[in-house]
1. So which residues in the stretch 21-31 are open to solvent by 100 Å² or more (accessible area, probe 1.4 Å) and in a loop (DSSP other than H, G, I, E, B), if there are any at all?
2. Go through the stretch 72-99 residue by residue and tally those that are under 14 Å from residue 46 (Cα atoms) and either over 9 Å from the mean Cα position of the chain (by Cα) or among the hydroxyl-bearing types (Ser, Thr, Tyr) (or both).
3. Pick from the stretch 82-126 the residues that are of a type in the set (Val, Ile, Thr) and open to solvent by less than 30 Å² (accessible area, probe 1.4 Å): which of them is farthest from residue 51 (Cα to Cα)?
4. Determine the pairs where a residue that is at pLDDT 80 or above, located within the stretch 141-159, has a partner that is surrounded by 13 or more Cβ atoms within 10 Å (Cβ to Cβ) and not in a helix (DSSP H, G or I) with Cβ atoms under 8 Å apart, the partner being 6 or more residues away or on another chain.
5. Please find, among 132, 128, the residue that is out of contact with any strand residue (DSSP E or B) (no Cβ under 9 Å at 6 or more places or on another chain) and not in a helix (DSSP H, G or I).
6. Pull out all pairs, ordered by first then second residue, where Cβ-Cβ is under 8 Å, the residues are six or more apart or on different chains, the first lies in the stretch 45-56 and is more than 26 Å from residue 164 (Cα to Cα), and the second is part of a loop (DSSP other than H, G, I, E, B) and among the basic types (Lys, Arg).
Amino acid sequence: MLGVDYDRVTALPEELQKNVSRRVDLLFRVEAPAPFVLQVEFQKKNQPTMARRMLVYAALIHDKLHLPVQQLVIYLGKERVNMPTQVVMPSYTFEYQLIDLKSVSYRAFLDSPLPGLNLFAILGNFGGEDAGRVLQTIPNALVDTSADELEKYLIQFEQLSELRNFRTIVP
């Protein structure tokens, strides 16, 4: 059967639980020549079951929106990233993209025209530059925002600084 040698076949219950509810971190419909859905998850710790979790998300998103799904996990943790990015089965392989922000230069974020993205510079790789000096440049990238937006971004900046243990450096 199915071209697989086997010793025994055991019947399993046919009913699968479908009332699964999941909340993703970010979800976007991307208008392109071939539209798709982009799911972004932020992860602070290595999770051995991340690939299976992302597979469930992909199936739920595709079932609801009927569009191809691309997934990105952004790792914010302190330890070395060590999560599987694939679920391999005999008939198919599922895979998502994983980015460790410590491997991305802070300048890639700082030079972005999007103020919210500028904040992620604090999580990037400083490449040996003085942390205090780098941290002072990040709020300067927010000068063209309104007072309300600036207040929101500075709160987020403070929160992100805690992920890198920069609480004592950030004013």
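1. 21, 22, 23, 31
2. 10
3. 122
4. Between residues of the stretch 141-159 that are at pLDDT 80 or above and residues that are surrounded by 13 or more Cβ atoms within 10 Å (Cβ to Cβ) and not in a helix (DSSP H, G or I), the close pairs are 149/142; 150/142; 153/142; 153/145; 154/142; 157/170; 158/170.
5. 128
6. 56/22
To keep it simple, each residue is scored yes or no on (1) open to solvent by less than 60 Å² (accessible area, probe 1.4 Å); (2) within 28 Å of residue 122 (Cβ to Cβ).
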{"residue": "19", "(1), (2)": "no, no"}
{"residue": "33", "(1), (2)": "no, no"}
{"residue": "49", "(1), (2)": "yes, no"}
{"residue": "65", "(1), (2)": "no, no"}
{"residue": "80", "(1), (2)": "no, yes"}
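The values are calculated or read from the model by the stated rules, or taken from the named source; none is laboratory data. Everything numeric in this text was worked out from a predicted model, so none of it was measured. With ideal geometry, Cβ positions are generated from the backbone for all residues, glycine too; neighbour counts draw on all protein chains shown. Please note that ligands, DNA and RNA were not included when accessible areas were found on the heavy atoms of the full protein model with its side chains. Shrake-Rupley method; radii C 1.70, N 1.55, O 1.52, S 1.80 Å.
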